[in-house]
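The values are calculated or read from the model by the stated rules, or taken from the named source; none is laboratory data. Treat the numbers as computed from the prediction; the structure is a model and nothing was measured. All Cβ positions, even for glycine, are placed from backbone atoms using ideal geometry, and neighbour counts span all protein chains on display.
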Amino acid sequence: MQLKISRTKQQTAEAFTDWLIQLIGSQDSLHIALSGGSTPKIVFDELASRHLSKNDWQKVHLYWGDERCVSPDDPESNYKMTVEYLLSKIEIPEENIHRIKGENDPRQEAERYTQVLREKLPIIDGLPQFDLIILGMGDDGHTASIFPYEIGLWNADQLCEVAEHPNTGQKRITITGRIINHADNVAFLVTGESKAEKVGEIVDERGGYKSYPANLVHPLNGNLFWFLDEAAASEITSQ
Ligand code: 6PG
């Protein structure tokens with residue numbers, strides 16, 4: 001686990017974007033799973049502002065680690081947020097965008113997206129492998145759409161599962177632990193005071209950390225980065 005702590009949310013976005021651009025420049029092709037929520041917006045803004053070339057974007061295939069079961073033009077859609085903050089501003093080929101179709105029947109879409117991953121991603125040791133999975137973490141320690149009350153989904157046999165938000169009951173499609181911990185790189189993007197308690201418990205391995213899905217992210221043969229601002233890192237005591 002490599003901690004990359006920046007003073008502010010904006011500087012965290014800049015640090016992550018610097019790291020991502022060097023990763024894009026170092027490979028002939030890159031399969032990246034994006035996260036949803038609000039934190040990625042500032043990263044997408046920063047990434048779009050760097051004006052990567054059409055050649056660079058030709059190499060990049062974008063997927064989602066989770067999606068709400070809504071239409072792609074619904075305000076809740078992670079795809080819609082990504083279009084607004086990134087895809088509408090960069091020259092990435094349409095065929096490089098592999099969205100989860102939230103408008104489909106959830107169970108059928110989990111199965112369809114599993115097939116997409118098996119067809120599009122390199123198969124390493126029998127499993128599709130992402131070059132990079134970007135994750136956020138909720139105040140409750142959830143990641144992707146695996147919530148503490150459904151932490152058993154992490155160990156599902158399926159690469160994609162149907163989850164349900166604990167408060168709203170909203171169904172979501174999420175990738176599961178088998179594929180997350182098979183990635184070459186996993187990068188958490190976590191900012192803000194509201195995340196500090198859970199970040200501190202996970203990094204320090206104390207308190208309720210074992211019940212947080214975000215604590216289960218440990219790529220077997222890959223790199224794990226936590227890009228944090230000082231606010232989110234403020235309760236880490238072990239480093
Ligand atoms: C989603 C995300 C989810 C998110 C966390 C953190 O679909 O909401 O994938 O896992 O990353 O809830 O969200 P914020 O970045 O808004 O704090």
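Worth a mention:
- Contacts under 6 angstrom Cβ, first residue in the range 101-122 being on the phi < 0 side of the Ramachandran plot, partner in a helix (DSSP H, G or I) and crowded, with 16+ Cβ neighbours inside 10 Å, 6 or more apart: 101/109
Residue-wise test of (1) assigned to a helix (DSSP H, G or I); (2) of a type in the set (S, T, N, Q).
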residue	(1), (2)
17	yes, yes
24	yes, no
40	yes, no
51	no, no
67	no, no
73	no, no
82	yes, yes
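- Residue match in the range 169-177 (condition: surrounded by 19 or more Cβ atoms within 10 Å (Cβ to Cβ) and not in a strand (DSSP E or B)): yes
- Top-ranked residue in the range 102-117 [being out of contact with any strand residue (DSSP E or B) (no Cβ under 6 Å at 6 or more places or on another chain) and assigned to a loop (DSSP other than H, G, I, E, B); ranked as surrounded by the most Cβ atoms within 10 Å (Cβ to Cβ)]: 104
- If you check 76, 95, 84, 91 for being surrounded by 15 or more Cβ atoms within 10 Å (Cβ to Cβ) and either touching a helix residue (DSSP H, G or I) at 6+ places or on another chain (Cβ under 9 Å) or closer than 27 Å to residue 109 by Cα (or both), only one passes: 76.
- Flag: residue 151 does not match the condition of being touching a Pro at 6+ places or on another chain (Cβ under 8 Å), assigned to a strand (DSSP E or B) and either away from the ligand (no atom under 14 Å from the Cβ) or at pLDDT 95 or above (or both).
- If the condition is being part of a loop (DSSP other than H, G, I, E, B) and either surrounded by fewer than 19 Cβ atoms within 10 Å (Cβ to Cβ) or within 16 Å of the ligand (Cβ to nearest atom) (or both), then the range 183-195 contributes 183, 191, 192.
- Applying a threshold of 9 Å to beta carbon distances and a minimum spacing of six or more residues, or different chains, the list of pairs starting in the range 65-86 at a residue that is more than 21 Å from residue 46 (Cβ to Cβ) and ending at one that is of a type in the set (Gly, Ala, Ser) and more than 13 Å from the ligand (Cβ to nearest atom) reads 77/71.
- Any hit, the range 196-207, residues being in a strand (DSSP E or B), more than 12 Å from the ligand (Cβ to nearest atom), hydrophobic (A, V, I, L, M, F, W, C) and touching a residue at least 12 places away in the same chain (Cβ under 8 Å): no
- Considering residues of the range 84-101 that are within 15 Å of the ligand (Cβ to nearest atom) and assigned to a helix (DSSP H, G or I) only, the residue nearest to residue 50 (Cα to Cα): 85
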